[in-house]
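Peer 1: Supplied in structure tokens, the structure appears directly below.
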Amino acid sequence: MADGKLFGTDYIPADLVAKVTGRAKYAEDFRADGMLFTKLLLSPMPHARVRSIDDREALAMEGVMGIITADDLPETDNLVGSDRALTMEPMYQGEPILAVAAVDEETAAAAIEKIKVDYEPLPFVIDPLDSLRPGGPNARVGGNTIVDRKEVVEIKWTAQDFEEAGDSMPMGEAEVEWEVGDVAKGLEEAHLVLDETLYHQSQTHHPLETRSCMAYWQNDKLTIHVSTQSTQRTAGAVARGVGIDPTQVVVIAEYCGGGFGSKIGGTVNMPIAALLSKKTGRPVMHRVSREEENAYGRARPGFQGRVKLGFRADGRITAIDLYLIQDNGGYGRSGDFTSASRCASLNYTPLNMRFRGISILTNTPTRAAQRAPGGVQITAMLEPVIDMAAKKLGLDQIEIRKINAPDNDTTYGSNEHHVTSAYVREALDKAAEVSNWAELKAQSGQTNGSKVTGIGIALSSYVAGSRGFDGLMVIRPDGKLYVHQGIGNLGTHSVFGTARVASDHLGVSWENTEVVWGNTSRHLPHSAVQAGSQTTHAHTRANLAAAIDMEKKLKEVAARTLGGSADSYVVAGERVYRRGNRGSGLSFAQAAEKAIELGGTFDGHEAPEDINDWTKGAVAGLAGQGLVGVAKDNYGGEGDLWSFVVGVAKVEVDRETGAVEIQHYTAVADTGAVMNPRGLAAQIHGGGVQGFGLARSQKWVYDPKWGVPFTQRLYTAKPPSILDVPLDMRAGTVDLPDPQNPVGAKGIGEAPFGAGVAAVLCAIQDAIGEFDLKRSPMTTDLILNQLEGVPQPITVLATDV
Amino acid sequence: MSIFQWAQNPWGQEILIRISWDLLYLAIAGGLAFVIGHLVYRAKNPPKTAEVPDIGDAGKDIPEKIVRHSLAARLFHWVMAITMITLLVTAFFPILGIQFNWVPIHWMAGIVLTAAIIFHIIHASFWLNLRNIWISRQDWAEWKQEMEHALGKGEPPPKTDKYPVDHRIYHNAILVTGFGVIVTGLLMMVRVENLIFARNSYLLAESTWGWVYVIHGLSAVGLVGLIITHIYFAILPEKRWITKSMIWGWITKKDYLANHDPERWVVTDKASK
Amino acid sequence: MAVIRDTMAEFDLFQPASIDDALALKRRYGKTSWALAGGLDSLDWFKDRIKRPEVVIDLSAVESMRGIRETDDADGVEIGAMTTLTEVAEHAGILSRFGLLADAASKVATPQIRNQGTIGGNVTQDTRCWYYRGGWPCYRAGGNICYADTPTAINREHALFESNRCVAVNPSDTAPALVALDAKFVIMGGGGEKVVDAEDYFITPAKDITRMTILEPGELLTSIRIPGTWAGARFYFEKVRDRQAWDFPLVNIASAMKVSGNTIEDIRLVVNAVGPRPLRLTDVERQLKGQSVTEEVGQAAGELALLGARPLQHNAYKIPLMRNLVKRAIRGTGARA
Ligand SMILES: Cc1cc2nc3c(=O)[nH]c(=O)nc-3n(C[C@H](O)[C@H](O)[C@H](O)COP(=O)(O)OP(=O)(O)OC[C@H]3O[C@@H](n4cnc5c(N)ncnc54)[C@H](O)[C@@H]3O)c2cc1C
Ligand code: HEM
Ligand code: SF4
């Protein structure tokens, strides 16, 4: 744990006032002289080839300034997998074909209506199992799965595979397979074996801010306002998409209205505004509508799954035999299903485990990481099954999780990696304490009129950090510490929180710490992407490294100025002075001025060798402006970083209506030393609330006949509303430092989500009995059907309903 | 004016969905124009009462009442008439702006019509002379002659067989349009809730459905024209003997001799029974 | 033609300040015109470029269509069609005498939508069938197919009753409450003023598949009168939905009951979102009169209410849901109360 006074305390982040007063400017709030607007023509079909485009009439319209198609995009080293901003072979309904720039959106839209596109409809598929059937349709011309990110191949299962499965999920040829131990033996030795078919739907990210962009060129330099999670790492993506060098790009993104993994390094549509701007010579604004957000935004892949779980009488899991079919969308190859296998392995530390999986292309939007990719799905799928096992074995829900819980010695996954730390039993205990589990448990099954109470507890895990990035900061002649942050401002506030480690180390007050962020022209260091819960861990380390460099340089500047050895100086109270004699020293302002005089490494005219080239550029940009602290995070480390969240939910299910009220939710995290208590509570509650949506109401629906989605609107997709959130929300943490971070911090973005979904699902199941359909969301209709004995309208494996 | 109605399917493709209802107005207008034209013509050329030729002894076997339509045939005609009218009213009143719950009445009437026609086909193929409605080359020639005569050229056409040629033409038009609405109408029943077939709007391909609706519509508006003229002729005084025969089944010997050629429609006692 | 969403196409906007002017415009532009109230239904259609009126007549400046006033009829109120749902939900007189309506209005969507949405618009709103809303050429849109009742359709929100080719439902929360309160709808048109029972305002596709109400293109709904008849009766409103805000009803129920002792003297019972119009359960009402308020009576009423229900692939849950809601309405206590 850090000994500083900022780390671990609440604070008001620098962006707060702007946000709550509405003055914060997001990408679509910018305007520029002569700015044009663009609207896109989207594919109406789930899969087609564009034979020809006739845009003459549109181009002839007054106010239409230019049109670009896929032909205007730069060549890429075309990985078969990845989508581009525009295409001539749309892989899903809503994929952009072309973009029109006009003086306003109305004109652009009217122009698009005048463009005649001749499409050749191609076979399409929505449900991966349909594609796996003998003779089933393929999402792509060449096949239904992508191997090694470069080749589309076709895999079909046999009629026999399907027949043998009956109502369960068929399990034909897999694409990925690993086994640790001997699953067959593990199952044989089990006291109880469950064989379950499970489903988790695909899901849009639903960020409040859509992926709008505004772009303009000055000379050969592109300035682009985007909605992105990361800042520094977005520049490369823009450059690639536009076909220029990253040094020619200025990315401006001070705020991001949510990304949840869908805007990690920016968005696929960024080149559109940029290229149209180049073509027309005017700034171009691309405002993305909600409908479009749901098309060329991203989505979490859904899973159809089957699991065999073996349990000893004491609840210890002897074997997990897991098979997942991943709904891959039309592009790329999502890693969710393999991440899911790792989460299953880590959460339950089975004595033996086999994983098989296949990722099948479908003609639905491009998949990408979504907050705990793979983790959410597998947690939501398996936790209710664990509860069923506990019930059958007569065990408490917490006990069965404890006996299987990972700890600091656990190895997991196919290559039996170590984790840096895992305090799961502690988290379970803490959750029991914070939620008052004993009291909740007594309420389970109690009725109140037509309502019955259910309680649930769930364990969720996810990776929580990375290493090896750069920290960069300057003390300017105004005496303030400027911490330059290449990570994004996603609302998690790690962009501020991780800077406080530097302030602490240098003894700078928060008032005298300025965080520089959100604009790559402001000399930002090479950073982790703002994703995968990486930044808290990665940038507390990187900023500490740079702060240590700063401290060293402060002392050297003092020694050179005032004499003596650097070692005889201390840094404290925003001064560097001789140990024991505060009067003999320099203020930070003086030190900055001295550094500028001294030059060299002091003021950034020279940079260390081991930092990233990008950071070297940033250092060069800062040269001469003050005392520069810069360093790469060289602490090293071993093992994988994971955080854990235990969620506890209490629900009341109305047996007459199927309505569910979530009455209580507790989330307790093992996320190392706590950097920002209020931020942490917001993260684990926010993730939980997102989870309530997946458990209860949030949907992803396609018409199977036409391959067209219906849940492109927030009111049809139904993410949770504030009234679906209980008043009784509690948070806790085990607050045990991670041994591999000098300040003990781990990230916490991902793990809270799965805990929310699974705890609520478990609680509903506790109230109404074993689900007859083991899938989510458990909507009112499915619950009522189960309670009333009405045959369910769908099978457990039905996708996209 | 347009002939077809198009729509954009969920994939944005133009699809044919039905005929344009402009054609309904056209059919009504066409039917009425014919009626008016005919009335004008008739006013200028008042119909002469057909002379009853003296055929002497040849006529002595001819009974006073000559059966023209059997009971079964008459029943069929009137069932068909009622269902047709029902179908027309239920289909077109809503289009003309008079709204009511038409679909169930429409398909039920459609089923009755279908049943009646099936009966008629069986009855006609086994008990009636199909040649009666066949249009031969001679018929066409006579029709041409009739038309020319009506326009004041040439000789009047010869007297006719049991069914005069215009009746035959009319029957055939009804046959085509009738089949048109029935075959398509039966298919269309799966598009709506009904008590007979399970609803399945995806039974046929989208474009096939388009044609089904077009054929139903074309036949339907065709029937509008046909039925307007049919009713018009049925109430003309000079044709009333025919109308009566559809009610009572027989015609008088006088009408027989005045309008038919006994050589062509041979009436014997047997036939008149 | 391409599918474009969220960008309005052009129209001429009129903002009349009186009912007469508004009606004159309606008469002049007829079917090519569109009355705009709160816009929560209308603007969706415009932005998605599916309904494309040439002329939009914004009623927001018509002061005489706003506000709630007492009527001569003792205890009655008259609500201007342009009164917002928030005003309806918070009005003291409505709260005290017609709590049913206030309750229903307060459960519509979200506070923002209630601040903007009007009572007139709420009862006149179009269905939310997502095939139709997606611009698909279905019966309701003038086509010749119902996409929502096909072997593969996803019709969880659709109708159990009174479907006729179209299986869409009326999604309004206030409509069933107004029918239960025996409200009268005041319609102005070419022929002057016409007052119809709330029940008769709504139509089924059997009558006209392209409309939800009897309003003719040249007419406006100007106000809604609630007679004193049911003031202070025993009311019950419940709405079941997937989430607690910003969500249309899966099924809702509104009932007004006059009880003496424990005996039902009179009752009006209306369920919505199960058919194309608020479904008044007249048979059930008749059965209930004279019965006492018990669980069994409620159960029997629920069963009776289901007569004639025709479930689709995904909406069979509405059968027990509706039955139970009827039972709860009689019982008078929901589970959430
Ligand atoms: C996301 C969302 C969720 C919603 N959830 C619910 C819900 O849960 N429950 C619910 O009941 N409603 C719900 N609504 C509907 C909403 O509350 C409005 O009541 C409704 O959309 C229409 O009201 P409006 O005043 O906005 O009317 P508008 O949208 O302007 O008009 C609706 C229709 O009525 C016509 N119209 C309006 N006023 C008149 C008049 N005086 N005379 C003649 N014609 C008129 C218009 O021409 C138009 O056709 C929701 C709407 C949205 C967008
Ligand atoms: C005189 C004969 C008939 C006429 C004039 C007639 C006319 C029509 C018309 C104009 C329509 C509306 C079509 C559209 O919306 O495009 C219609 C619909 C329909 N007809 Fe007929 N029809 C006739 C006979 C029949 C018969 C014999 C049947 C069935 C056996 C039938 C079944 C239907 C059905 C089911 C529909 C509804 C289809 C839909 O709305 O999608 N009709 N008819
Ligand atoms: S239910 Fe009605 S509105 Fe929906 S697709 Fe069918 S006809 Fe159209």
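Peer 1: Just to be sure I understand the interface: list residues from region C:1-43 that lose 10 Å² or more of accessible area between the chain on its own and the complete protein assembly, 1.4 Å probe.
Peer 2: Relative to the lone chain, where solvent access is computed with a 1.4 Å probe, region C:1-43 loses at least 10 Å² at C:Met1, C:Ala2, C:Val3, C:Ile4, C:Arg5, C:Asp6, C:Thr7, C:Met8.
Peer 1: What number, in percent, do you get for the relative contact order of chain A if the mean sequence gap of Cα pairs under 8 Å and at least 6 apart is divided by its residue count? If you can, show how the numbers build up before the last one.
Peer 2: Numbers: 2187 pairs, mean separation 123.1, N = 801.
Result for chain A is 15 percent.
Peer 1: While we're looking at this one, here's another question. Give me the accessible area per residue for region A:152-228, probe 1.4 Å, as a whole number in Å².
Peer 2: On the way: 3440 Å² over 77 residues.
Per-residue accessible area for region A:152-228 comes out at 45 Å².
Peer 1: Is the shape of region B:23-150 best called rounded, prolate or oblate, per the rule: a/c under 1.5 gives rounded, else a/b larger than b/c gives prolate, else oblate, with a ≥ b ≥ c the square roots of the Cα gyration tensor eigenvalues?
Peer 2: Cα axes put region B:23-150 in the oblate bin.
Peer 1: Within 10 Å of each Cβ of B:201-214, how many other protein chain Cβ atoms are there on average? It would help to have the intermediate numbers written out before the result.
Peer 2: Details: counts 12, 7, 2, 0, 0, 1, 0, 0, 2, 1, 0, 1, 3, 0.
Across B:201-214, the average partner-chain Cβ count within 10 Å equals 2.
Peer 1: Now a separate question. Just how large is the dipole of chain A about the Cα centre, in debye to the nearest 20, putting +1 at every Lys and Arg Cβ and -1 at every Asp and Glu Cβ?
Peer 2: Computed about the Cα centre, the dipole is about 1660 debye.
Peer 1: Per-residue counts of other Cβ atoms within 10 Å, averaged by peptide: what ranking do you get for A:749-755, A:377-383, highest first? Before the final figure, lay out the partial values.
Peer 2: Details: A:749-755: 33.4, A:377-383: 30.6.
Sorting A:749-755, A:377-383 by mean packing, highest first, produces A:749-755, A:377-383.
Peer 1: Just the number, please: buried accessible area between C and B, total of both chains, 1.4 angstrom probe, nearest 100 square angstrom.
Peer 2: Working: alone 14540 and 16650 Å², together 29250 Å².
Accessible area lost upon association: around 1900 Å².
Peer 1: From the protein chains alone at 1.4 Å, what is the descending order of accessible area for A:His605, C:His158, largest first?
Peer 2: A:His605, C:His158
Peer 1: Sort A:Asp670, A:Asp314, A:Asp409 by heavy-atom solvent-accessible area, probe 1.4 angstrom, most to least.
Peer 2: A:Asp409, A:Asp314, A:Asp670
Peer 1: Compare the Cα positions of A:Leu361, A:Phe469, A:Ala591 along the charge dipole of chain A (+1 at Cβ of Lys, Arg; -1 at Cβ of Asp, Glu; about the Cα centre) and return the one farthest towards the positive end.
Peer 2: Among A:Leu361, A:Phe469, A:Ala591, the one farthest towards the positive end of the dipole of chain A is A:Ala591.
Peer 1: A further question on this structure: What relative contact order, as a whole-number percentage, does region C:12-62 give when Cα pairs under 8 Å and 6 or more residues apart are counted?
Peer 2: With pairs under 8 Å counted, the relative contact order is 59 percent.
Peer 1: Would you work out which of A:Gly604, A:Gly629, A:Pro719 lies farthest towards the positive end of the dipole of region A:571-727, given +1 charges on the beta-carbon of Lys and Arg and -1 on that of Asp and Glu, about the Cα centre?
Peer 2: A:Pro719
Peer 1: Counting other Cβ atoms within 10 Å of each Cβ, which GluC sites (Glu not before Pro) in region A:39-129 have at most 10 and sit in a DSSP loop?
Peer 2: A:Glu62, A:Glu75
Peer 1: Quick check on region C:123-235: take the gyration tensor over C-alpha atoms, sort the square-rooted eigenvalues as a ≥ b ≥ c, and tell me if it's rounded (a/c under 1.5), prolate or oblate.
Peer 2: Because a/c hits 1.5 or more and a/b fails to exceed b/c, region C:123-235 counts as oblate.
Peer 1: Now a separate question. Have a look at region C:298-337 and report residues whose accessible surface goes down by 40 Å² or more when the remaining protein chains are included, against the chain on its own, probe 1.4 Å, ligands and DNA/RNA excluded.
Peer 2: Residues meeting the cut-off: C:His314, C:Tyr317, C:Pro320, C:Asn324, C:Arg328, C:Ala335, C:Arg336.
Peer 1: Oh, and also: Based on the mean of other beta carbon atoms within 10 Å per residue, what is the order of C:88-96, A:289-297, A:256-264, most packed first?
Peer 2: Values: C:88-96: 17.3, A:289-297: 23.0, A:256-264: 24.7.
My ranking of the peptides, most packed first, is A:256-264, A:289-297, C:88-96.
Peer 1: While we're looking at this one, here's another question. When Cβ neighbours within 10 Å are restricted to other protein chains, what is their mean count per residue of peptide B:2-11?
Peer 2: Across the residues of B:2-11, the mean count of other-chain Cβ atoms within 10 Å is 6.
Peer 1: Once R0 is set to 56 Å, what does the formula 1/(1 + (r/R0)^6) return for the Cβ-Cβ distance between C:Val195 and A:Thr21, expressed as a FRET efficiency to the nearest 0.05? Could you put the intermediate results ahead of the total?
Peer 2: Details: r = 49 Å, r/R0 = 0.88.
According to the calculation, E is roughly 0.70.
Peer 1: Sort region C:12-62 into rounded, prolate or oblate with this rule: let a ≥ b ≥ c be the square roots of the eigenvalues of the Cα gyration tensor; rounded if a/c is under 1.5, and if a/c is not under 1.5, prolate when a/b is larger than b/c, oblate otherwise.
Peer 2: It is oblate, given that a/c is not under 1.5 and a/b is not larger than b/c.
Peer 1: About the Cα centre of chain B, what is the dipole size in debye to 20, counting +1 per Lys and Arg Cβ and -1 per Asp and Glu Cβ, all else neutral?
Peer 2: The dipole magnitude comes to about 440 debye.
Peer 1: Let me ask you something else. In square angstrom and rounded to 100, what buried accessible area do you get between chains B and A, total over both, with the probe at 1.4 Å?
Peer 2: The summed interface area works out to 700 Å².
Peer 1: Rounded to the nearest 100 Å², what is the buried accessible area between C and A, both sides summed, probe 1.4 Å?
Peer 2: 4200 Å²
Peer 1: Taking the highest mean first, how do the peptides C:273-283, A:608-618, A:683-693 order by number of other beta carbon atoms within 10 angstrom per residue?
Peer 2: Numbers: C:273-283: 23.7, A:608-618: 17.9, A:683-693: 26.7.
Result, highest mean Cβ count within 10 Å first: A:683-693, C:273-283, A:608-618.
Peer 1: Roll a 1.4 Å probe over the protein heavy atoms and report the accessible area of B:Phe100 in Å², nearest 10.
Peer 2: Approximately 50 Å² of B:Phe100 is accessible to the 1.4 Å probe.
Peer 1: Right, something else. In the structure shown, do any of C:Lys51/C:Lys184; A:Lys25/C:Lys47; A:Lys391/C:Lys327; A:Lys39/A:Lys221; A:Lys116/A:Lys221; A:Lys263/A:Lys555 have a Cα-Cα gap over 31 Å, and if so which? Walk me through the intermediate numbers first.
Peer 2: Values: C:Lys51/C:Lys184 29 Å; A:Lys25/C:Lys47 25 Å; A:Lys391/C:Lys327 34 Å; A:Lys39/A:Lys221 24 Å; A:Lys116/A:Lys221 34 Å; A:Lys263/A:Lys555 41 Å.
Checking Cα-Cα distances, A:Lys391/C:Lys327; A:Lys116/A:Lys221; A:Lys263/A:Lys555 exceed 31 Å.
Peer 1: In nm, give the distance between the simple-model label positions of B:Ala198 and A:Ala442, each being 7 Å from the Cα along the Cα-to-Cβ direction.
Peer 2: Spacing of the two 7 Å Cα→Cβ label points: 5.5 nm.
Peer 1: For region A:766-787, state which residues have at least 40 Å² less accessible area in the presence of all protein chains than in their chain by itself, taking the probe as 1.4 Å and leaving out ligands, DNA and RNA.
Peer 2: Relative to the lone chain, where solvent access is computed with a 1.4 Å probe, region A:766-787 loses at least 40 Å² at A:Thr780, A:Asp781, A:Leu784.
Peer 1: Which sequence of B:Trp102, B:Trp6 reflects their accessible areas, 1.4 Å probe, from the largest down?
Peer 2: B:Trp6, B:Trp102
Peer 1: State, to one decimal in nm, how far the label point of B:Leu175 lies from the label point of C:Asp20, with both points 7 Å from Cα in the Cβ direction.
Peer 2: 6.7 nm
Peer 1: Take the solvent-accessible surface of the protein heavy atoms, probe 1.4 Å, and return the percent of it on region C:12-62 that carbon and sulfur atoms account for.
Peer 2: So the carbon and sulfur contribution to the accessible surface is 49 percent.
Peer 1: Straight-line reach only, C-alpha to C-alpha below 17 angstrom: list the lysines that B:Lys144 could link to, leaving out same-chain residues fewer than 8 apart.
Peer 2: By straight Cα distance, B:Lys144 reaches B:Lys153, B:Lys159.
Peer 1: Test of understanding: what is the full-extension gain from B:Asn45 to B:Trp248, defined as 0.36 nm times their sequence separation minus their Cα-Cα distance?
Peer 2: Details: separation 203, 0.36 × 203 = 73.08 nm, distance 2.98 nm.
Value of the extension gain: 70.1 nm.
Peer 1: Under a plain spin-label model, where a point goes 7 Å from the Cα along Cα-to-Cβ, how far apart in nm are B:Leu128 and A:Asp728?
Peer 2: Result for the modelled spin labels: 8.3 nm.
Peer 1: Another one. Run the dipole for the protein assembly as shown about the Cα centre, Lys and Arg Cβ at +1, Asp and Glu Cβ at -1, nothing else charged, and hand back the magnitude in debye, nearest 20.
Peer 2: Once rounded to the nearest 20, the dipole reads 2480 debye.
Peer 1: Let me ask something else. Given a Förster distance of 22 Å, report the FRET efficiency between A:Gln218 and A:Arg31 from their Cβ-Cβ distance, rounded to the nearest 0.05.
Peer 2: FRET efficiency, A:Gln218 to A:Arg31: 0.85.
Peer 1: How large a share of the accessible area of chain A, in percent, is made up of carbon and sulfur atoms when the probe is 1.4 Å and the other protein chains stay in place?
Peer 2: It is 48 percent, rounded to a whole number.
Peer 1: Any idea of A:Tyr92's accessible area? Nearest 10 Å², probe 1.4 Å.
Peer 2: 0 Å²
Peer 1: Now for a separate question. Counting only helical runs of four or more DSSP H residues, what would the 222 nm mean residue ellipticity of chain A come to if each run contributes -39,500 (n - 2.57) and the total is spread over all its residues?
Peer 2: Value at 222 nm, helices only: -9000 deg cm²/dmol.
Peer 1: Okay, next question. With an 8 Å cut-off on Cα pairs and a minimum separation of 6 or more residues, tell me the relative contact order of chain B in percent.
Peer 2: For chain B, the relative contact order is 34 percent.
Peer 1: Sticking with this structure for a sec: Which one, B:Ala150, A:Leu276, C:Thr32, is farthest towards the positive end of the dipole of the protein assembly as shown when Lys and Arg carry +1 and Asp and Glu -1 on their Cβ?
Peer 2: Looking along the dipole axis, the top candidate is B:Ala150.
Peer 1: Per residue, how much accessible surface does region B:54-97 expose to a 1.4 Å probe? Answer in Å², no decimals.
Peer 2: 53 Å²
Peer 1: Grab the beta carbon distance between A:Leu393 and C:Glu295, set R0 = 35 Å, and tell me the FRET efficiency rounded to 0.05. Don't skip to the answer; put the middle values down first.
Peer 2: Details: r = 38 Å, r/R0 = 1.09.
Computed FRET efficiency for A:Leu393 and C:Glu295: 0.35.
Peer 1: For the Cα atoms of chain B, what angle does the longest principal axis make with the long axis of helix B:165-188, in degrees from 0 to 90, nearest 10?
Peer 2: 20 degrees
Peer 1: Give me the accessible area per residue for region A:468-632, probe 1.4 Å, as a whole number in Å².
Peer 2: Values: 5240 Å² over 165 residues.
In whole numbers, region A:468-632 has 32 Å² accessible per residue.
Peer 1: Now for a separate question. How about region C:1-86: which GluC sites (Glu not before Pro) there lie in a loop by DSSP and see at most 14 other Cβ atoms within 10 Å? Walk me through the numbers before you get to the answer.
Peer 2: Details: sites: C:Glu10, C:Glu54, C:Glu63, C:Glu70, C:Glu78; in loops: C:Glu10, C:Glu54.
The qualifying sites are C:Glu10, C:Glu54.
The values are calculated or read from the model by the stated rules, or taken from the named source; none is laboratory data. Keep in mind that what you see is a predicted model, and the values were worked out from it rather than measured. Cβ: placed from backbone, ideal geometry, glycine included. Neighbour counts: every protein chain shown. Protein only, heavy atoms only, side chains kept; ligands, DNA and RNA dropped before computing areas. Shrake-Rupley method; radii C 1.70, N 1.55, O 1.52, S 1.80 Å.
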